[in-house]
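Q: What follows is a structure written as structure tokens; I'll ask about it next.
The values are calculated or read from the model by the stated rules, or taken from the named source; none is laboratory data. It should be emphasised that the depicted structure is a prediction, and the values quoted were computed from it without experimental measurement. Note: ideal-geometry Cβ built from the backbone for every residue, glycine included; neighbour counts use all protein chains shown. When the accessible area is computed, the model is the full protein with side chains, heavy atoms only, and any ligands, DNA or RNA have been set aside. Shrake-Rupley method; radii C 1.70, N 1.55, O 1.52, S 1.80 Å.
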Amino acid sequence: MLRSILLSLLVAFSMCTSSQNTKPPFWNEIQSFKKQDSASFPGTGKILFTGSSSFTLWKDVQNYFPAYPIINRGFGGSSLPDVTRYENDVIFPYQPKQIVIYCGENDIAGSDDITGEIVFDRFKQLFTDIRNKFPDVPVAYVSMKPSPSRWHLKEKMIKGNELISDFLSKQKNTDFINVWPAMLKADGTPMDDIFREDKLHMTEKGYAIWQKILSPI
């Protein structure tokens, strides 16, 4: 009897320890940001870029917009719920003067069950959190881009873009930055020479297109 009780306690302790050691997705990336901030906090009142890998890999984004101080807190592979989960780490501490978001592509690519409508609902949750914290800070959403490797998902992405665009058009201090048309060839398919070999992430030529569209905003 005693042995059975001890075994049950050991199993319960092991499960508790395992649970404590299980960290949420992107935990290490977020801790890296926090470590950077601890060593040298980038300051407040700047333009914050946050979202997924299209921002993460834009490591020289500051060079594209030299007149504007930018903090890049994109973390690759993230979906909108991930950005929301870590909003207290990657958005709020910087008290930005403008927030630019690129996210949603990974949501749709991550599961066949994720629709454009779900991406919109997820974005709306993140936007609501931001508005509750910063009622007047301008928020810009960069549309999901037409990646060749995800072209089969284009209808879902177009729908999500349309819903987010319509929603933001009714909000104050917001912009929907539509990069989709500028990344297409004359036949309506994605340009080949603005993407890396993975046909998902962009080259400098792709970011140059984004620079031209984002600059006025």
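Q: Taking the stated definitions as given, is ALA109 under 17 Å from SER169 (Cα atoms) and either under 14 Å from the mean Cα position of the chain (by Cα) or not aliphatic (A, V, I, L, M) (or both)?
A: On the way: under 17 Å from SER169 (Cα atoms): no; either under 14 Å from the mean Cα position of the chain (by Cα) or not aliphatic (A, V, I, L, M) (or both): yes.
Considered against the rule, which asks whether it is under 17 Å from SER169 (Cα atoms) and either under 14 Å from the mean Cα position of the chain (by Cα) or not aliphatic (A, V, I, L, M) (or both), ALA109 comes out as no.
Q: Give the number of residues within region 51-71 that are under 22 Å from THR203 (Cβ atoms), open to solvent by less than 40 Å² (accessible area, probe 1.4 Å) and not in a loop (DSSP other than H, G, I, E, B). Break it down into steps so the answer makes sense when it comes.
A: Initially, region 51-71 is screened for residues under 22 Å from THR203 (Cβ atoms), giving 51-66, 70.
Going one step further and asking which of them are open to solvent by less than 40 Å² (accessible area, probe 1.4 Å), we end up with 51-56, 58, 61, 64-65, 70.
Of the ones still in play, those that are also not in a loop (DSSP other than H, G, I, E, B) are 51, 53-56, 61, 64, 70.
Here the count works out to 8.
Q: Taking only region 74-103 into account, find how many residues are open to solvent by 20 Å² or more (accessible area, probe 1.4 Å) and under 25 Å from PRO216 (Cβ atoms).
A: The total comes to 3.
Q: Now for a separate question. Please state which one of VAL179, VAL119 is modelled with pLDDT of 95 or more, within 19 Å of GLY74 (Cα to Cα) and part of a loop (DSSP other than H, G, I, E, B). Before you say what the answer is, go through the steps one by one.
A: Working: VAL119 fails: part of a loop (DSSP other than H, G, I, E, B).
Selected residue: VAL179, the only one of VAL179, VAL119 that is modelled with pLDDT of 95 or more, within 19 Å of GLY74 (Cα to Cα) and part of a loop (DSSP other than H, G, I, E, B).
Results for (1) more than 25 Å from MET144 (Cβ to Cβ); (2) in contact with a Phe, Trp or Tyr (Cβ under 7 Å, 6 or more places away or on another chain); (3) without any contact (Cβ under 8 Å) to a residue 60 or more places away in the chain, shown as yes or no for each residue.
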{"residue": "LEU57", "(1), (2), (3)": "no, no, no"}
{"residue": "PRO66", "(1), (2), (3)": "yes, no, yes"}
{"residue": "GLY76", "(1), (2), (3)": "no, no, yes"}
{"residue": "SER79", "(1), (2), (3)": "no, no, yes"}
{"residue": "GLU87", "(1), (2), (3)": "no, no, yes"}
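Q: Which of the residues that make up region 189-217 are small (Gly, Ala, Ser) and surrounded by 12 or more Cβ atoms within 10 Å (Cβ to Cβ)?
A: First, pick out the residues of region 189-217 that are small (Gly, Ala, Ser): 206, 208, 215.
Passing the criteria: GLY206, ALA208.
Q: Quick check on this structure: which one of LYS170, LYS145, LYS159, LYS124 is within 21 Å of LEU48 (Cα to Cα) and open to solvent by 60 Å² or more (accessible area, probe 1.4 Å)?
A: On the way: LYS170 fails: within 21 Å of LEU48 (Cα to Cα); LYS145 fails: open to solvent by 60 Å² or more (accessible area, probe 1.4 Å); LYS159 fails: within 21 Å of LEU48 (Cα to Cα).
After ruling out the rest, the residue left standing is LYS124.
Q: Considering every residue within region 154-176, establish whether at least one is in a loop (DSSP other than H, G, I, E, B), in contact with a helix residue (DSSP H, G or I) (Cβ under 9 Å, 6 or more places away or on another chain), closer than 23 Å to ASP113 by Cβ and in contact (Cβ under 8 Å) with a residue 24 or more places away in the chain. Before you say what the answer is, go through the steps one by one.
A: Initially, region 154-176 is screened for residues in a loop (DSSP other than H, G, I, E, B), giving 169-173.
Next, only the ones that are in contact with a helix residue (DSSP H, G or I) (Cβ under 9 Å, 6 or more places away or on another chain) stay: 171.
Still in the running and closer than 23 Å to ASP113 by Cβ: none.
Taking every residue of region 154-176 in turn, none turns out to be in a loop (DSSP other than H, G, I, E, B), in contact with a helix residue (DSSP H, G or I) (Cβ under 9 Å, 6 or more places away or on another chain), closer than 23 Å to ASP113 by Cβ and in contact (Cβ under 8 Å) with a residue 24 or more places away in the chain.
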